[in-house]
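Any read-out appearing in this document is the output of simple, stated calculations on the displayed coordinates, not a laboratory observation. Just so it is clear, the model here is predicted, and its values are computed rather than measured. Note that each Cβ is placed from the backbone with ideal geometry, even for glycine, and that neighbours are counted across all protein chains shown.
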Amino acid sequence: MPPRLRFRFLVPLIVFVLVLGAGAGWLVREQSLSLATGDVMDASGPTVVRVLATTCEGTGQAAGVLLPDGIVLTAASAIREPVSVGVLTADGRVRRANVLGADANGIAVLKLTSRLDNPTAALAPNLPDADADRAIIGYTSDGDQFVQQAGTANQPRRLAEILGAGSLGAPLFDKRGRLIGLVTGDTVAQSKVIGLDDLGGPYAGSGTRFTPEPVGTCPARGPQQTVKPDLAVANTPTAGEVQQSLGEYLDTLNRHDFAAMQKTYSDRLERLSNAAVDATKHGTSYAFGAVVTEVSAAGDDDANARMKFVVLFSQDNPGARGQTCSRLDIRYHLVREEGRLRIDNATSMAPQDSSCDTD
């Protein structure tokens, strides 16, 4: 090839190679900063828990992350002046927890009262690149776990677009599922991400940067969202009515509206009880995780049903025996009055010492 043609040929070739190389470098960087939410959920979903509590001042509901030695980090706004605290894993196990304290960033530190063999989160050795994708794992108000892209440190997504009221305390993870932050705040609208530097040593049990949280002494209540028991039976018309009636009973229990609770009883049972008696029995109770496991017809228009659920309460509650959490398994007889099913009788099917700390 003549020299003049050779030069004309080489210049575009060199430019092409340089552009191709730059493009390949950009692609490699983009891939290194990207994140697959499914991979993060697989790696870290089992380490993210729900925190449910009866409190005097807190919301009573948050997400949290499980660390070694039974430590759980969550949002302090959920557990202010706690009376009883439970930790619910994604696979349905429940453990009681004590509140060790909270820090100025709004991070609360819990300690499980018994062993839980779930995987624990690993802290990232350092923060990812400011342009790297991040993922957040939390829970819906119905208790379903979810994962969402959280944007990057340079371009974060608004937390209010991602989280509901029950997901303060949700952890952030890098592409490998390593813990890099926690969402705190009094409300989702006011929430913020507390970064890796404040998620380390002091929460392992030996630090002193958090302040003990005062134990509540009020007639505490838990979260106030509507309760709808799950059905582990065929969704027949009778099962649907049972679900509605028992859900209303649990709603009035959680709201501590004991006058309204009387309206879920049959006329016979209402004559044997009153709102003051129910207040004495359930004045610090909060029920969650309800599942209707059996439904059958009884007579022409009545029904029998069995429901399992978990209850948090004060250890000073009548019959608490020093516990703050129990698993209940109750068989109900419901009779039809005024066109609806009402509770006429309830019999416990579980041992009285059915603690939350056993699976």
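A compact table of results
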{"quantity": "Dipole-positive endmost among Gly92, Gln61, Ile137 within the chain (Cβ charges, Cα centre)", "calculated": "Ile137"}
{"quantity": "Region 38-204 - charge dipole about Cα centre, Lys and Arg +1 at Cβ, Asp and Glu -1, debye rounded to 20", "calculated": "300"}
{"quantity": "Relative contact order [Cα under 8 Å, 6+ residues apart], the chain, whole percent", "calculated": "15"}
{"quantity": "Positive-end extreme of charge dipole, the chain - chosen from Ala260, Gly339, Ala290 (charges on Cβ)", "calculated": "Ala290"}
{"quantity": "Region 230-348: relative contact order as a whole-number percent, Cα under 8 Å and 6+ apart", "calculated": "25"}
{"quantity": "Rounded to whole Å, sorted largest first: equivalent-ellipsoid semi-axes of region 230-348, Cα gyration tensor", "calculated": "24, 17, 11"}
{"quantity": "Bins of 10 Å, starting at 0 and running to the largest distance - Cα pair percent for the chain", "calculated": "5, 22, 27, 19, 12, 6, 3, 2, 2, 1, 0, 0"}
{"quantity": "Alpha-carbon centroid distance for the pair region 264-292 / region 61-118, whole angstrom", "calculated": "28"}
{"quantity": "Karplus-derived HN-Hα couplings along region 107-119 (A = 6.51, B = -1.76, C = 1.60, θ = phi - 60°), whole Hz, x at Gly and Pro", "calculated": "8, 9, 10, 10, 10, 5, 8, 8, 5, 9, 8, 5, x"}
{"quantity": "Label-point separation, Ala232 to Ala260 (7 Å along Cα→Cβ), nm", "calculated": "2.8"}
{"quantity": "Options Ala43, Leu246, Ala124, ranked by Cα towards positive dipole end of the chain, top entry (Cβ charges)", "calculated": "Ala124"}
{"quantity": "Helix axis angle, 3-33 relative to the chain longest principal axis, alpha carbon, degrees", "calculated": "20"}
{"quantity": "Burial order of peptide ranges 49-59, 297-307 (average beta-carbon count within 10 Å, highest first)", "calculated": "49-59, 297-307"}
{"quantity": "In degrees, nearest ten, helix 237-255 long axis to first principal axis of the chain (Cα)", "calculated": "90"}
{"quantity": "Sequence-separation-based contact order of region 38-204, relative, with Cα cut under 8 Å and 6+ spacing, percent", "calculated": "24"}
{"quantity": "Estimated FRET transfer efficiency when R0 is 30 angstrom, pair Arg268-Thr187 (beta carbons, to 0.05)", "calculated": "0.10"}
{"quantity": "The chain, dipole about Cα centre (Lys/Arg Cβ +1, Asp/Glu Cβ -1), debye to the nearest 20", "calculated": "1240"}
